[in-house]
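First up is the structure itself, then whatever we jot down about it.
The values are calculated or read from the model by the stated rules, or taken from the named source; none is laboratory data. All figures in this text were calculated on a predicted structure; none of them were measured in a lab. Cβ: placed from backbone, ideal geometry, glycine included. Neighbour counts: every protein chain shown. For accessibility, only protein heavy atoms count, side chains too; no ligands or nucleic acids. Shrake-Rupley method; radii C 1.70, N 1.55, O 1.52, S 1.80 Å.
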Amino acid sequence: MNLIEKRITGKAGAESCEDGIIVEEDFVAVVDGSTSKSPFRLHRQMSNGRYCMTLVVDCIRQLAADADSQLFCQQATDAVRAAYVRSEADMHRLAQHPTERMAASAAIYSRTQQEVWLVGDCQCMVDGRLYENPKPYEELIAEMRSAYIRLQLQQGRAIADFQEHDDGRNFILPVLIDSCQYQNQTFAVIDGFPIPTDKVRVIDVGQARELVLATDGYPFLKPTLAQSEEALASLLRDDPLCIHRFKATKGMMNGRCSFDDRSYIRLQLRS
């Protein structure tokens, strides 16, 4: 296994970036901390998404070389739950209000198992073939935001207005919050509560030569970093609000370099 290239870019800078990359002898992964939909914060100096990302990265670093996807899910869940306990969080309230949990998704390559595990909304390419694991309701919610903003633009508002205050995001926020009730039921996420392993996508890469792991900050994943960056740059030039070519639940705000944090890593598995 050889590292060809990697990159991590925070939409608003490195200090607040909720994405992470880990490269170890037995595991390589990208981890995407989820944007919080609640003002509740577990760590004084980090957003819930960034905190959860650091916990998952540490969990992967300590994972036994022969661990399978089910063991990873259990240990990642335990790590996040232990952080709740340390913070003296109200576990009953977290069980009833998933929006107050911290959460993360991850794409993990296991050298021993010769597999990629997609836990939540991350993606990979295996010899140029794309694999995704999207949240089941996100496309519909993104369409709602797109329709709202497009209507506002037709009525005379400017694109710049929505890059200062994303009223489209505010419009869909109640639906986004409602959709959280289904996490770890209809879709998997690392949030300190049991992960339904049938919602984890496991991909056999035993015969593959090249592998790309990426977070969903790359809307058009390509076989190389340069190609993926150019596809993103083209989108942001043409559609910074992410309402036409690529419909998302948020757009690129003023002072930011993209609509989301992004991580990319490309590996040669065999010659």
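Using the Cα centre of the range 135-233 as the reference point, and only Cβ charges (+1 on K/R, -1 on D/E), how large is the resulting charge dipole? Debye, rounded to the nearest 20.
Rounded to the nearest 20 debye, it is 140 debye.
Cut-off under 17 Å on the C-alpha distance; same-chain residues fewer than 8 positions from Lys135 excluded. Which aspartates and glutamates are left, in chain and number order?
Asp32, Asp121, Glu143, Asp178, Asp191, Asp198, Asp216, Asp260
Work out from phi, with θ = phi - 60° and the Karplus expression 6.51 cos²θ - 1.76 cosθ + 1.60, the ³J(HN,Hα) of each residue of the range 212-221, listed in order in whole Hz, and give x for Gly and Pro.
Per residue, the Karplus-derived 3J(HN,Hα) values read 10, 10, 7, 8, 7, x, 9, x, 10, 6 Hz.
7 Å from Cα along Cα→Cβ at both Ala12 and Gln70: what's the point-to-point distance in nm?
Here the modelled spin labels are 4.1 nm apart.
Say the cut-off is 19 Å between C-alpha atoms; which of Lys199/Lys247; Lys6/Lys199; Lys11/Lys250; Lys37/Lys222 go over it?
Lys199/Lys247; Lys6/Lys199; Lys37/Lys222
If you take the beta carbon distance between Glu88 and Asp198 as r and set R0 to 51 Å, what does 1/(1 + (r/R0)^6) give as a FRET efficiency, to the nearest 0.05?
0.95
Per-residue HN-Hα couplings for the range 74-85, Karplus 6.51 cos²θ - 1.76 cosθ + 1.60 at θ = phi - 60°, whole Hz, x for Gly and Pro?
Couplings: 5, 6, 5, 4, 4, 5, 5, 4, 4, 5, 4, 4 Hz.
Put one equal scatterer on each alpha carbon of the range 1-119, apply the Debye formula with no solvent term, and list log10 I(q)/I(0) at q = 0.11, 0.20 1/Å to two decimals.
Evaluating at q = 0.11, 0.20 Å⁻¹ gives log10 I(q)/I(0) of -0.38, -1.11.
Would you mind checking which residues have amide H under 5 Å from Lys222's amide H? H placed 1.01 Å from N; only 5 or more apart, or other chain.
Ser228
Which Rg and Dmax, in Å, describe the Cα atoms of the chain?
In Å, with Rg to one decimal and Dmax whole: 18.2, 58.
Per-residue HN-Hα couplings for the range 35-41, Karplus 6.51 cos²θ - 1.76 cosθ + 1.60 at θ = phi - 60°, whole Hz, x for Gly and Pro?
For the range 35-41, the Karplus-derived couplings read 5, 5, 10, 9, x, 5, 10 Hz, x marking Gly and Pro.
Arrange the residues Tyr182, Tyr148 by how much accessible surface each exposes, largest first, with a 1.4 angstrom probe.
Sorted by accessible area, descending: Tyr182, Tyr148.
Hey, what did the chain get for relative contact order, percent, Cα under 8 Å, at least 6 apart?
Normalised by residue count, the contact order of the chain is 28 percent.
What number comes out for the charge environment of Val205, summing +1 per Lys or Arg and -1 per Asp or Glu over other residues with Cβ under 15 Å away?
0
Classify the range 61-137 as rounded, prolate or oblate, taking a ≥ b ≥ c as the square roots of the eigenvalues of its Cα gyration tensor: rounded when a/c is under 1.5, otherwise prolate if a/b is larger than b/c and oblate if not.
Here the range 61-137 falls in the oblate category.
Looking at the chain as a GNM with Cα springs under 10 Å, which of Gly156, Gly13, Gly192 has the largest mean-square fluctuation?
In this elastic network of the chain, the residue with the biggest mean-square fluctuation among Gly156, Gly13, Gly192 is Gly156.
With every protein chain present, what is the per residue accessible area of the chain (1.4 Å probe, Å²)?
Per residue, the chain has 47 Å² of solvent-accessible surface.
Could you tell me which of rounded, prolate or oblate describes the range 81-177, using a ≥ b ≥ c as the square roots of the eigenvalues of the alpha-carbon gyration tensor, with rounded for a/c under 1.5 and, failing that, prolate when a/b is larger than b/c and oblate otherwise?
Here the range 81-177 falls in the oblate category.
For a quick check of your reading of the filter: which trypsin sites (Lys or Arg not before Pro) in the range 62-114 sit in a DSSP loop and have no more than 10 other Cβ atoms within 10 Å?
Filter output for the range 62-114: empty list.
May I ask for the longest run of the chain untouched by GluC sites (Glu not before Pro) that are loop-located per DSSP and have at most 15 neighbouring C-beta atoms (other than their own) within 10 Å?
So the longest stretch without any such site is 89-271.
For the range 217-248 and the range 127-180, what is the centre-to-centre distance using only Cα atoms, to the nearest Å?
15
May I ask which residue of Ile60, Ser36, Ala83 lies farthest towards the positive end of the charge dipole of the range 1-111, with charges of +1 (Lys, Arg) and -1 (Asp, Glu) on Cβ and the Cα centre as origin?
Towards the positive end, the residue furthest out is Ser36.
Please label the shape of the range 124-271 as rounded, prolate or oblate, based on the square roots a ≥ b ≥ c of the eigenvalues of the alpha-carbon gyration tensor (a/c under 1.5 means rounded; beyond that, a/b larger than b/c means prolate, else oblate).
It comes out oblate by the Cα gyration axes.
What residues qualify as long-range amide H neighbours of Gln183, i.e. H under 5 Å apart, gap of 5 or more or another chain, H built at 1.01 Å from N?
none
Ignoring ligands, DNA and RNA, what percent of the 1.4 Å accessible area of the range 51-188 is carbon and sulfur?
48
Place +1 on the Cβ of every Lys and Arg and -1 on the Cβ of every Asp and Glu in the chain, take the dipole about the Cα centre, and give the residue among Gln155, Ser69, Met144 whose Cα lies farthest towards its positive end.
So the residue we want is Gln155.
Would you calculate a helix-derived [θ] at 222 nm for the chain, using -39,500 (n - 2.57) for each DSSP H run of n ≥ 4 and dividing by the full residue count, to the nearest 500?
-10000 deg cm²/dmol
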